[in-house]
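The values are calculated or read from the model by the stated rules, or taken from the named source; none is laboratory data. Predicted, not measured: the structure shown is a model, and the values here were computed from it. With ideal geometry, Cβ positions are generated from the backbone for all residues, glycine too; neighbour counts draw on all protein chains shown. Ligands, DNA and RNA are excluded from the accessible area calculation, which covers all protein heavy atoms including side chains. Shrake-Rupley method; radii C 1.70, N 1.55, O 1.52, S 1.80 Å.
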Amino acid sequence: MGWDQQDPAGGAGGGLRGEPTGEDALRDGPAAEGARPGAPEGQRPARGGRRRLVGILGAVVLVLALVLVVPRVLTTEDGPDTAARAFLDALVAGDAAVLRQHLEHPGDATDLALRDEILQAAENRVTSYAIEDVERDGEGARVTALLDDGHEQRPLTLTLHAVAGSSFAPVSWQLDRIAVPEMEVSLPFGTEQIIINGVLVTLEEDVAKVTFHLPTVALQLLPGTYEITLPGAGPLLEAISSEITVPLYLGHSRSTATPVHYELSETGRAVAAGQLEDLLADCARATTARPEDCPFAAPSADDSWPRQPVRGTWALTAMPEVTTSAWQFGLWSVSGSGGVAEFTPAGPESESEQVPFAVEAFTQVLPDDSLRTDLVDPPGSFTVVVCSTPMDVGGMPQYVAVDPDAQLDCEDGR
């Protein structure tokens, strides 16, 4: 019946029909993990999900490490003291280009004096420094240094803040803006240039404000001693230098005004004294006992209204000794004492009177660079009208002393 014959489809192993042979098992591959016989259907993919979650969390940790750790590692080389040293080195070197980048520049002060050649020529300036302490507080820092000018030492505290362009960019430290002392200088009207430590500086338009009858400029200056003067102004005037010392200090401060002006030269004083003598000579030509607008009058002559003025003649027997000095508004005082005038009344048998007198006058430089001297009317008060358009350092002034009720023509200064 064929029971003793082998099945032609059977394998050499004699496997049962319907069961996979070893070849079939290799071809199909191992069974998927979790697909154990008898395991519930919903639990089979659990181990694969956990592995995917662990992979995602690992990637997140790696990104956070790159964002938070790498920038901090890159910024460990330069601290806030590096930026502070760069500024302090520029302060010692007098490097104005570097210093200007860190300084405050208020609108009512000028930085025209912050130039290399001016800073480097200053006496008693900062010559060295030492870093005393560095403190960090989050994104801020404080650096304390000790400044030295060769005579004394004073501490200076600089504040800084951290700046980074992006998470992967190195953090840099930047100085907060630094205030510097402001020194006020009063100048004659019409001044267009001044000289600081031998360097000619041209003033900007509208850089000054008028205070105490003169234009005043506020200069930003660093610690040191500076000599400020005016350019030459011809044979009648000589510039008077002023010295300004800025203390070993950086911060908000403003000095009272230091005057920088002209005095009359020897030639100018001689011209003013000659003009005063001419004015006194005009007074001596008067024919009344009380010459109008003159410094002398005969005390015994009563020429008050309604009586007629006492007539007579004058002679100058002694000229006063004259001195000159700078006054307000760009004027110079011309004063003298020890003068004697002699008055002889008209008429027979009239006795002469000796009249001691002092004189007050002022002189000014007119727009054509000449001097004009005017007597001050007794009792020594007068009105000064200043013509200047615009009334600032750049304006061309004309000074006129006039009676308050007089008409003034500022075109010719009279």
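Would you say ARG125 is open to solvent by 40 Å² or more (accessible area, probe 1.4 Å), modelled with pLDDT of 65 or more and part of a helix (DSSP H, G or I)? If you could, list the steps in order and put the result at the bottom.
Details: open to solvent by 40 Å² or more (accessible area, probe 1.4 Å): yes; modelled with pLDDT of 65 or more: yes; part of a helix (DSSP H, G or I): no.
No; evaluated as a whole, the condition is false for this residue.
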Per-region count, the stretch 225-282, residues in contact with a Gly (Cβ under 8 Å, 6 or more places away or on another chain) and under 30 Å from ASP148 (Cβ atoms)
3
I need the full set of residues from the stretch 254-272 which are part of a helix (DSSP H, G or I) and either open to solvent by 40 Å² or more (accessible area, probe 1.4 Å) or of a type in the set (Ser, Thr, Tyr) (or both), in order please.
GLU266, THR267, ARG269, ALA270, VAL271
Sole exception among (1) closer than 20 Å to ALA96 by Cβ; (2) open to solvent by 10 Å² or more (accessible area, probe 1.4 Å) for GLN220, by number
(2)
Close pairs (7 angstrom Cβ cut-off, 6 or more residues apart or separate chains): within 17 Å of LEU91 (Cα to Cα) and assigned to a loop (DSSP other than H, G, I, E, B) in the stretch 108-119, open to solvent by less than 60 Å² (accessible area, probe 1.4 Å) and among the β-branched types (Val, Ile, Thr) anywhere:
LEU112/VAL201; ALA113/ILE196; ALA113/VAL201; ARG115/VAL199
Could you grab the pairs with beta carbons closer than 6 Å, sequence gap of 6+ or different chains, first residue in the stretch 158-179 and in a loop (DSSP other than H, G, I, E, B), second one surrounded by fewer than 13 Cβ atoms within 10 Å (Cβ to Cβ) and modelled with pLDDT under 95?
SER167/VAL67; ALA179/GLY251; ALA179/HIS252
From TRP314, TRP327, which residue is open to solvent by 30 Å² or more (accessible area, probe 1.4 Å) and among the aromatic types (Phe, Trp, Tyr)?
TRP327
When every residue in the stretch 273-303 that is open to solvent by less than 60 Å² (accessible area, probe 1.4 Å), at pLDDT below 90 and small (Gly, Ala, Ser) is compared, the one nearest to ALA358 (Cα to Cα) is ALA297
Taking the stretch 129-154 only, how many residues are open to solvent by less than 50 Å² (accessible area, probe 1.4 Å) and either free of Cβ contacts under 8 Å to residues at least 60 places away in the same chain or in a strand (DSSP E or B) (or both)?
10
